[in-house]
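One structure below.
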Amino acid sequence: MNSAAMRPTRAGKAHFSMIRGLRTHARVYGDVQAQPIVIVPGLGCASWMYRRLARVLSRWRRVWAYDPPGHGFSQGRLDYPCRIEQLTDHLALWLSANGLQRAPLLGHSLGGEVIIDLAARYPQLGGPLIACAPTGIPENPSVLAQLARLTLDIPRERPSLWPLSAAAYTRAGPLRFYQLASDQSRHDTGPLLPQVRRPVLVLDGTADPVIRSWTVETLTRAIPGARAVQVAGGTHALTDSYPIEVAMHTLDFLEDLAGR
């Protein structure tokens, strides 16, 4: 993708859908006539943490930055969602409700596991997959291990992201964070990988203390035809620290598929 093709983009707009009785939010960027792409956030994250990436992608795509239930501006319940499977089921309903059944899905961190889970369990939904620093596949670290790794990552992120992250984690709440992080050790996505029949691109940052290199290698070997790209200097939140690189790799990947 030639960066010279960039053109000014418009600010995103709030979009709400009723999914299972819950008001579900997405921030939508770009031209209504453009081909869509959906951003699926990580654990405890919110759509506003992905605005840098969304604004770059929106120069070529209609970007939907989705808030899972109980995250961002989307409603949740005290007991929902508390399992990764519930996140996947909700995303499936939301995609269908908004006519995005075959849209490319860009999942960050836990969102990477969710989109892969969706591709295996809902093969009729979702287009090409871009998994950015995906957690939980095939490694299922404990909650303490996840927190320790995130603590190492925080100083590496842009200081401007810190208040956005704090607001998102406060909104999701410690109980939801704990429940979903705990479920990663029970919800084993690894055996589902050979069932994925969508083109997959895995993006990993070289400065990410959360993801282990062997997990990326195992993931790409297990999914037929998957490819992996490392973003030099990319942190765990590489969607924020390197939005242009993530966007260019994503757009090149989608262009390659369209040219086949």
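So here's what we get for this one:
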| read-out | value |
| --- | --- |
| Scan of the range 208-225 for residues that are open to solvent by 30 Å² or more (accessible area, probe 1.4 Å) and among the hydrophobic types (A, V, I, L, M, F, W, C), ordered by number | Trp214, Ala222 |
| So Ile130, is it part of a helix (DSSP H, G or I), buried (at least 24 other Cβ atoms within 10 Å of the Cβ), β-branched (Val, Ile, Thr) and touching a strand residue (DSSP E or B) at 6+ places or on another chain (Cβ under 8 Å) | no |
| Selection count, the range 181-196, where residues are buried (at least 21 other Cβ atoms within 10 Å of the Cβ) and polar (S, T, N, Q) | 2 |
| Enumeration of residues in the range 76-92 that are surrounded by fewer than 24 Cβ atoms within 10 Å (Cβ to Cβ), within 22 Å of Ala54 (Cα to Cα) and in contact with a strand residue (DSSP E or B) (Cβ under 8 Å, 6 or more places away or on another chain) | His90 |
| Close pairs from the range 8-24: first closer than 18 Å to Tyr50 by Cα, partner of a type in the set (S, T, N, Q) and modelled with pLDDT of 95 or more, Cβ under 6 Å, at least 6 apart | Thr9/Ser58; Thr24/Ser17; Thr24/Ser74 |
| Close pairs from the range 129-148: first modelled with pLDDT of 90 or more, partner open to solvent by 30 Å² or more (accessible area, probe 1.4 Å), Cβ under 6 Å, at least 6 apart | Leu129/Arg198 |
| Extreme residue, surrounded by the most Cβ atoms within 10 Å (Cβ to Cβ), among residues of the range 96-126 that are more than 21 Å from Asp183 (Cα to Cα) and within 14 Å of the chain's Cα centre (by Cα) | Leu106 |
| The range 32-52: number of residues that are small (Gly, Ala, Ser) and over 15 Å from His71 (Cα atoms) | 1 |
| Odd one out for Thr135, checked against (1) assigned to a loop (DSSP other than H, G, I, E, B); (2) surrounded by fewer than 19 Cβ atoms within 10 Å (Cβ to Cβ) | (2) |
| Residue match in the range 48-64 (condition: in a loop (DSSP other than H, G, I, E, B) and closer than 28 Å to Gln179 by Cα) | no |
| Unmet criterion (only one of (1) under 24 Å from Tyr122 (Cβ atoms); (2) open to solvent by 10 Å² or more (accessible area, probe 1.4 Å); (3) not hydrophobic (A, V, I, L, M, F, W, C)) for Tyr178 | (1) |
| Selected residue (only one of Ala120, Ala97, Ala131 is over 18 Å from Thr220 (Cβ atoms) and out of contact with any His (no Cβ under 7 Å at 6 or more places or on another chain)) | Ala97 |
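Residue-wise test of (1) without any contact (Cβ under 8 Å) to a residue 12 or more places away in the chain; (2) in contact with a Cys (Cβ under 7 Å, 6 or more places away or on another chain).
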position: Phe177; (1), (2): no, no
position: Gly190; (1), (2): no, no
position: Pro194; (1), (2): no, no
position: Ser213; (1), (2): yes, no
position: Ala222; (1), (2): no, no
position: Gly233; (1), (2): no, no
position: Thr239; (1), (2): no, yes
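The values are calculated or read from the model by the stated rules, or taken from the named source; none is laboratory data. Please read these numbers as outputs of a predicted model, since none were measured by experiment. Heads up, the Cβs are rebuilt from the backbone with ideal geometry, glycines too, and the neighbour counts pull from every protein chain shown. The area values use the complete protein model at the heavy-atom level, side chains included, leaving out ligands, DNA and RNA. Shrake-Rupley method; radii C 1.70, N 1.55, O 1.52, S 1.80 Å.
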